[in-house]
Amino acid sequence: MGQCRTQERHKSRLTFALLLLVAMGTAAAQNYPTHPLRMIVPYAAGGASDVTARIVAAGLSERLKQQIVVENRTGAGGAIGAEVAAKAAPDGYTLLLGSASEIVMLPVVARIPYDPVRDFAPVAMVSDIALVLAVHPSFAAQSVQELIALAKSKPGAINYGSAGIGATSHLAMAMFNAMTGTQMVHVPYKGSVPATADLVAGHLQVGTPTLPAALPYVKGGQLRVLAV
C-alpha cells in the first residue's frame, strides 16, 4: 500500500530537467561559452516551466558570465519546443528546460520528431512540482468522491483541461478516468497557463494545474482544490 501511494504521488508531479545539445571539441570546450546561450521552454510564458527556466537562466548567466535568452516554443504537449531544441546546432549553446511530458511520456503515447535519448544530454534535475486536482468554485463537487460520483452520473458531460496531448496534466487525468471508471472529456491547450485561465474563467470544470500556479487562485476564491 505504501509503495502504491508513493507511485501515485510520483505520477502527480512535474519534474523539470535541464538538457543540453553538446558536440564540442576540447579547445572549444575550454573557452565555452563565448557568446549568449538560449534556453528553450516548450510551454507558455508564466507557467511553472517558464518561471523555473527564468530562475535557472538568471543563475547560470551569472555563473557563466554570458546572457541566456529564454524562448517559449509552445504546442503539442511540449513536442514543438523539444523539436526546436533537438534540431538546433549541437554546439552546446542551446538548452532545453524539459519535463517528464515531452521527454518521458510523450514518446510513449505519440509519434514525435525527435529521440529523447539520442538528441539530448541530461545536465541536471532542477525542480519537482506537485499537481493539484482543482475545480471551478461553481462546480458542484466538494471532494474527490463527489467528483467521481458526479462524473459517473453524467458521462461525457464534464471537461478538463491540460497543457496538451501527452502532457503530465493530460496523463494524470487520463489515469484518473481509467482508475475511477469516469469519462471526463479532455480539452488540450498550448500550455498550462491558458488551461488554468479557462478553468478560472469557468470554461472548464476540472483541471490539474501545478500547485504554484493554482495557489493564488485558491487564495482568491477562484479555484477549489480537491486533492494534491
Quick one: compute a quarter of the convex hull surface over the Cα atoms of region 133-227 and quote it in nm².
5.2
The chain, relative contact order in percent, only Cα pairs under 8 angstrom and at least six apart counted
26
Relative to the longest principal axis of the chain, what angle (0 to 90°, nearest 10) does the C-alpha long axis of helix 192-201 take?
30
Counting Lys and Arg as +1 and Asp and Glu as -1, each charge on the Cβ, what is the dipole of the chain about the Cα centre in debye, to the nearest 20?
300
Testing the spin-label approximation: label points 7 Å from Cα along Cα→Cβ at Gln183 and Glu146. State their distance in nm.
2.5
For region 124-177, what is the convex hull (Cα atoms) projected area averaged across all directions, in square nanometres?
4.9
Over the alpha carbons of region 75-141, what is the largest minus smallest coordinate on each principal axis, giving the biggest first in Å?
53, 27, 17
Amide H neighbours of Gln183 under 5 Å, at least 5 residues apart or on other chains, H built in the peptide plane: list them.
Gly156
Residue with peak Gaussian network fluctuation, the chain [Cα springs, cutoff 10 Å], from Ser169, Ser99, Ser138:
Ser138
Starting from 0 in steps of 10 Å, tell me what percent of the Cα-Cα pairs of region 42-186 lands in each bin.
10, 35, 29, 17, 8, 1
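Please give the length that would be gained between Arg54 and Tyr32 if that part of the chain were fully extended, namely 0.36 nm times their separation in residues minus their C-alpha to C-alpha distance (nm, one decimal).
So the extension gain works out to 5.8 nm.
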Based on the Cβ-Cβ distance from Ala201 to Ala124, what FRET efficiency comes out when R0 is 30 Å, to the nearest 0.05?
0.25
Share of antiparallel DSSP beta bridges in region 71-228, in percent to the nearest 5?
50
Expressed in angstrom and rounded, the centroid-to-centroid distance over alpha carbons for region 32-87 and region 167-228 is 25
Note the count of lysine pairs whose C-alpha atoms are less than 30 angstrom apart in the chain, limited to pairs 8 or more residues apart or on different chains.
12
Anyone know which of Gln30, Gln183, Gln145 comes out most mobile in the 10 Å Cα GNM of the chain?
Gln30
Spin-label pair Leu215/Val109, simplified geometry with 7 Å Cα→Cβ offset, distance in nm:
2.7
Note: Val117 to Ala157 extended length (0.36 nm per residue) minus current alpha-carbon separation gives 10.5 nm
Contour minus Cα-Cα distance for Lys65 and Ala88 (0.36 nm per residue):
6.1 nm
Residues whose modelled amide H sits under 5 Å from the amide H of Glu71, counting only those 5 or more places away in sequence or on another chain, are Met39, Ile40, Val41
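FYI, it's all coordinate maths here, none of it is from the lab. In this text the structure is predicted, and so the values were computed from the model without any measurement. We place every Cβ from the backbone using ideal geometry, glycine too, and count neighbours over all the protein chains shown.
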